[in-house]
Amino acid sequence: MLNRLKTLYQLQVIDDQLDVLEELRGDLPNTVRELENKIAELKEDIQSKEAQQKESLEKRESNEKEMERLLENQKRFKAQLYQVRNNKEYDALTKEIDHTDEQLSKMEAENDALADLSKSLTQQIEDIVPTLDELQKELKEKEADLKEIIKANEREESKLLGERKKIEEQVKKADVSVYMRIRKAKKGKAVATIKRSACSGCHNIVPSQRQLEIRRNNKLFFCEYCGRILVSQEITEP
């Protein structure tokens, strides 16, 4: 059990050092992710607007072809007016001509609206592009800064990760699961020691009887207040 506790403490020591390296990166990783997300959203917005423009153009072209067909029909109907033999034929032709006029007017109005939409979308895209360029420039700078920090600590981090892997292999899976759960909940600190009769994690006093039990190093004990694993000073010694 003593080795089990020591191994858990060693795992915490390694993670503490890795956390320090992570802190050196500051908020850069989050900033990079946020910038990447914003850039992706703007690109998606531009693609959506370009797709709308394409649909608008295709619809206008389709309307123009239909308008050409309608104009040809109307021309034929008007020519037939001079060949009618009675009022019934005349009324039927004028009705077709009026209906064609309505269709042409509707399509002209639709094409005007589509042209206005396309123009508006073009302006919207032009408004987005400078923001996108600025964000991409900022992202490039932040990525360079982050890369520089990572490179500066790459060797040390690699060494620590290697040590951590070896230590974790010595820890029981159940203990690793508990350790990681506490570490996540307590922002990194899963194992605490007793300093001046208090938990080093939350600084609450540990009852004397509990301190005696912890010093026996024969089982896992958890802080009654913060839930961290508590180990004795003996465990922390090399």
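The values are calculated or read from the model by the stated rules, or taken from the named source; none is laboratory data. Being a predicted model, the structure only gives us computed values, none of them experimental. Here Cβ is always computed from backbone atoms with ideal geometry, including for glycine, and neighbour counts include all displayed protein chains.
Numbers at a glance
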quantity	calculated
Single condition residue 75 does not satisfy, out of (1) over 30 Å from residue 94 (Cβ atoms); (2) over 23 Å from the mean Cα position of the chain (by Cα)	(1)
Any hit, region 160-170, residues being surrounded by fewer than 11 Cβ atoms within 10 Å (Cβ to Cβ) and not assigned by TED's automatic domain parsing to the domain that holds residue 18	no
Condition met for residue 225 (touching a residue at least 12 places away in the same chain (Cβ under 8 Å), over 30 Å from residue 42 (Cβ atoms) and either exposed (fewer than 15 other Cβ atoms within 10 Å of the Cβ) or of a type in the set (D, E, K, R) (or both))	yes
Answer from 37, 73, 63 - the residue that is at pLDDT 95 or above, assigned by TED's automatic domain parsing to the domain that holds residue 147 and surrounded by fewer than 17 Cβ atoms within 10 Å (Cβ to Cβ)	37
Residue 106 being under 30 Å from residue 128 (Cα atoms), among the basic types (Lys, Arg) and either out of contact with any helix residue (DSSP H, G or I) (no Cβ under 8 Å at 6 or more places or on another chain) or in a helix (DSSP H, G or I) (or both)	no
Which listed residue, of 158, 118, is part of a helix (DSSP H, G or I), within 30 Å of residue 60 (Cβ to Cβ) and at pLDDT 90 or above	118
